[in-house]
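A.B. asks: Quick one: the structure is below, questions incoming.
The values are calculated or read from the model by the stated rules, or taken from the named source; none is laboratory data. The model shown is predicted, which means the values in this text are computed figures rather than measured ones. Here Cβ is always computed from backbone atoms with ideal geometry, including for glycine, and neighbour counts include all displayed protein chains.
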Amino acid sequence: MEHLISWADFEHVDLRVGTVLKIDDFPKAKNPAYQLTIDFGAEIGILRSSAQITAIYQKEELIGKQVVAVVNFPKKQIANFMSECLVTGFENEQGEIVITTVERTVPNGARLK
């Protein structure tokens, strides 16, 4: 562990679940990536994100998958694309990103507790 955080620090990170609606290639990205369109439910709405997950995921397998993302980061310009949330994941042994998902379906927009 790098350092301990307080409960208040954790509460500032808004981690929500959303369903991937659409995926586009992102040819202008420096590193291979997809552009994801994700539905986070009525409260948050639909957000877009750039994700460097092309090494182990095909676009077709991600449609309809629920992913966990940070939704309260400021928007970030990546090439010609505005990323509105950060899809979370873990590196596997090869350094490829495995996205964070939920074991069972939960309502879009549900917050990590």
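A.B. asks: On the basis of being modelled with pLDDT of 95 or more and either surrounded by 15 or more Cβ atoms within 10 Å (Cβ to Cβ) or not aromatic (Phe, Trp, Tyr) (or both), does residue 28 make the cut?
C.D. replies: Working: modelled with pLDDT of 95 or more: no; either surrounded by 15 or more Cβ atoms within 10 Å (Cβ to Cβ) or not aromatic (Phe, Trp, Tyr) (or both): yes.
It is false that residue 28 is modelled with pLDDT of 95 or more and either surrounded by 15 or more Cβ atoms within 10 Å (Cβ to Cβ) or not aromatic (Phe, Trp, Tyr) (or both).
A.B. asks: Give the residue that is farthest from residue 74 (Cα to Cα), with candidates limited to residues of region 41-54 that are over 11 Å from the mean Cα position of the chain (by Cα) and surrounded by 13 or more Cβ atoms within 10 Å (Cβ to Cβ).
C.D. replies: Filtering first and then ranking leaves 54.
A.B. asks: Which residues, taken from region 80-113, are touching a helix residue (DSSP H, G or I) at 6+ places or on another chain (Cβ under 9 Å) and among the small types (Gly, Ala, Ser)? Step through it out loud before you land on a result.
C.D. replies: Quick first cut of region 80-113, residues touching a helix residue (DSSP H, G or I) at 6+ places or on another chain (Cβ under 9 Å) only: 85, 99, 107-110.
Those that are touching a helix residue (DSSP H, G or I) at 6+ places or on another chain (Cβ under 9 Å) and among the small types (Gly, Ala, Ser): 109, 110.
A.B. asks: Could you please find all residues in region 66-105 being surrounded by 15 or more Cβ atoms within 10 Å (Cβ to Cβ), part of a loop (DSSP other than H, G, I, E, B) and not hydroxyl-bearing (Ser, Thr, Tyr)?
C.D. replies: 71, 84, 85, 96
A.B. asks: Applying the selection to region 1-34, what residues are within 18 Å of residue 98 (Cα to Cα), aliphatic (A, V, I, L, M) and in a loop (DSSP other than H, G, I, E, B)?
C.D. replies: If the condition is that a residue be within 18 Å of residue 98 (Cα to Cα), aliphatic (A, V, I, L, M) and in a loop (DSSP other than H, G, I, E, B), then 33 is the only one that fits.
A.B. asks: Do you know which residues across region 71-113 are out of contact with any Lys or Arg (no Cβ under 7 Å at 6 or more places or on another chain), within 19 Å of residue 23 (Cα to Cα) and acidic (Asp, Glu)?
C.D. replies: 96
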